[in-house]
Amino acid sequence: MHTILTISALTLSLLIGLIIFLSVKKARGTQIPTAVLLLLLCFTAINAAVTYFIYPREDINAYKQLIWQPLVAKEIPALVKQGNAVFVDVSADWCIICKGNKDRVLHREAVVKLLKRDNMVLMLGDLTRSDPVIEAFLAQHNAYGIPFTILFSPQYPQGIALSRVLDYHEVLSLLRAH
């Protein structure tokens, strides 16, 4: 991937240099069609866009390493007493905000690394179909809708609920503290 990035950077440099060179020549009176400059600008923009989209900023498949277990609320207090943190995500396949939380926050590499720690237990409450047990868990925590994300830990045995629309930095700082 670094080869592609290097070639792209060289190509971008060449295109930008050529645009500057031809613009200076045109400004000094040389007959250079404006269409040539516009075409070079288009090539530069396309090159930059392709580079942006193919450059790996982080491991986009890191979340596949996470092992989620079904939400079993009665197990949470015992897990916390053992020194574990329990991260609970209640969501559904049809929930657009839930998908956004996963894409923008929960599936990000830095968050995944924190969720993979040995003392972290991941529980997923799937409300794609109605489930009275999960709905009772939500009601117990005064959450009457999804998404609902809560972290239990020895510091927060009753749990600390996160905002419905997760904030990447808020989740990172909370997970780092546990």
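The values are calculated or read from the model by the stated rules, or taken from the named source; none is laboratory data. Quick caveat, the model's predicted, so the values are computed rather than measured. Glycine also receives a Cβ, built like all others from the backbone with ideal geometry; neighbour counts cover every protein chain displayed. Accessible surface is based on the protein model in full, side chains and every heavy atom, while ligands, DNA and RNA are left aside. Shrake-Rupley method; radii C 1.70, N 1.55, O 1.52, S 1.80 Å.
For the stretch 108-132, which residues satisfy the criterion of being under 19 Å from residue 90 (Cβ atoms), assigned to a loop (DSSP other than H, G, I, E, B) and open to solvent by 70 Å² or more (accessible area, probe 1.4 Å)?
The answer is 129, 130.
Contact list please: Cβ distance under 8 Å, first residue in the stretch 95-114 and farther than 10 Å from residue 165 by Cβ, second residue part of a helix (DSSP H, G or I) and open to solvent by 20 Å² or more (accessible area, probe 1.4 Å), pairs at least six apart or on different chains.
That search, which allows pairs on different chains as well, returns 102/63; 106/63; 107/63; 108/168; 111/168; 112/63; 112/65; 114/176.
Of the numbered conditions (1) more than 25 Å from residue 74 (Cα to Cα); (2) of a type in the set (A, V, I, L, M); (3) touching a residue at least 24 places away in the same chain (Cβ under 8 Å), residue 134 satisfies every one except a single condition; which is it?
Of everything listed in (1) more than 25 Å from residue 74 (Cα to Cα); (2) of a type in the set (A, V, I, L, M); (3) touching a residue at least 24 places away in the same chain (Cβ under 8 Å), residue 134 misses just condition (1).
Report yes if some residue within the stretch 131-140 is within 19 Å of residue 101 (Cα to Cα) and touching a His at 6+ places or on another chain (Cβ under 8 Å); otherwise report no.
Within the stretch 131-140, not a single residue is within 19 Å of residue 101 (Cα to Cα) and touching a His at 6+ places or on another chain (Cβ under 8 Å).
Checking residue 114 against (1) out of contact with any helix residue (DSSP H, G or I) (no Cβ under 8 Å at 6 or more places or on another chain); (2) more than 17 Å from residue 146 (Cβ to Cβ), which test does it fail?
Every listed condition holds for residue 114 apart from (1).
How many residues are farther than 15 Å from residue 76 by Cβ and either assigned to a strand (DSSP E or B) or among the aliphatic types (A, V, I, L, M) (or both) if we restrict to the stretch 144-178?
9
Run down 67, 4, 76, 54 and say which single residue is β-branched (Val, Ile, Thr), surrounded by fewer than 15 Cβ atoms within 10 Å (Cβ to Cβ), in contact (Cβ under 8 Å) with a residue 24 or more places away in the chain and touching a strand residue (DSSP E or B) at 6+ places or on another chain (Cβ under 7 Å).
67
Scan the stretch 91-98 and give yes if some residue there is over 18 Å from the mean Cα position of the chain (by Cα) and either among the hydroxyl-bearing types (Ser, Thr, Tyr) or loosely packed, with under 15 Cβ neighbours inside 10 Å (or both), otherwise no.
Checked the stretch 91-98: at least one residue is over 18 Å from the mean Cα position of the chain (by Cα) and either among the hydroxyl-bearing types (Ser, Thr, Tyr) or loosely packed, with under 15 Cβ neighbours inside 10 Å (or both).
Restricting the stretch 133-143 to residues that are aliphatic (A, V, I, L, M) and part of a helix (DSSP H, G or I), which is surrounded by the most Cβ atoms within 10 Å (Cβ to Cβ)?
First, pick out the residues of the stretch 133-143 that are aliphatic (A, V, I, L, M): 133-134, 136, 138-139, 143.
Imposing the further condition that a residue be part of a helix (DSSP H, G or I) reduces the set to 133-134, 136, 138-139.
Working: 133: 12, 134: 22, 136: 11, 138: 18, 139: 10.
Top of the filtered list is 134.
Scan (1) small (Gly, Ala, Ser); (2) part of a loop (DSSP other than H, G, I, E, B); (3) surrounded by 14 or more Cβ atoms within 10 Å (Cβ to Cβ) for the single condition residue 83 breaks and write down its number.
Exception for residue 83: condition (3).
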